[in-house]
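Right, one structure below, let's go through it.
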Amino acid sequence: ILIMIVVASFRVACCNDLPKKMEDLDLTKLKTGDIIGVGYTHPFGWFVKAWSGSVWSHTGIIWEDPITNEICVLEAAMY
């Protein structure tokens, strides 16, 4: 387990797939079906990111509630 943690730490330190330009999401431009990358600092999210070599731990899909027009991100994660 210790070896896996050391290797994962090295991979996290070396991955550099951050977007070239950082900006906030404009919620008015999101629509149902849009797919976004999601990354969390939770230990399980960190572990997934480490072994995938990416800053993103998983993806989410945008859904707009037709009644309230509220924007939601639907995602599946066990953490």
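The values are calculated or read from the model by the stated rules, or taken from the named source; none is laboratory data. Predicted model, so just to flag it, every value in this text is computed and none were measured. All Cβ positions, even for glycine, are placed from backbone atoms using ideal geometry, and neighbour counts span all protein chains on display. Ligands, DNA and RNA are excluded from the accessible area calculation, which covers all protein heavy atoms including side chains. Shrake-Rupley method; radii C 1.70, N 1.55, O 1.52, S 1.80 Å.
Can you tally the net charge around G60? Count Lys and Arg as +1, Asp and Glu as -1, for every other residue whose Cβ sits under 10 Å from the Cβ of G60.
Net charge in that neighbourhood comes out at -2.
Does a label point 7 Å from the Cα of I1, set along Cα-to-beta-carbon, have any residues of segment 33-51 with amide nitrogen under 20 Å, and which are they?
In segment 33-51, the label zone of I1 (backbone N under 20 Å from the point 7 Å along Cα→Cβ) covers 42-51.
For L30 and E70, compute 0.36 nm times the residue count separating them, minus their Cα-Cα distance, and round to one decimal in nm.
13.3 nm
Excluding ligands and nucleic acids, what accessible area in Å² is computed for L74 using a 1.4 Å probe, to the nearest 10?
Here the residue's solvent-accessible area equals roughly 90 Å².
What aspartates and glutamates does K31 reach when the alpha-carbon gap must be under 20 Å and sequence neighbours fewer than 8 apart in one chain are set aside?
Here the aspartates and glutamates satisfying the reach criterion relative to K31 are E23, E64, D65, E70, E75.
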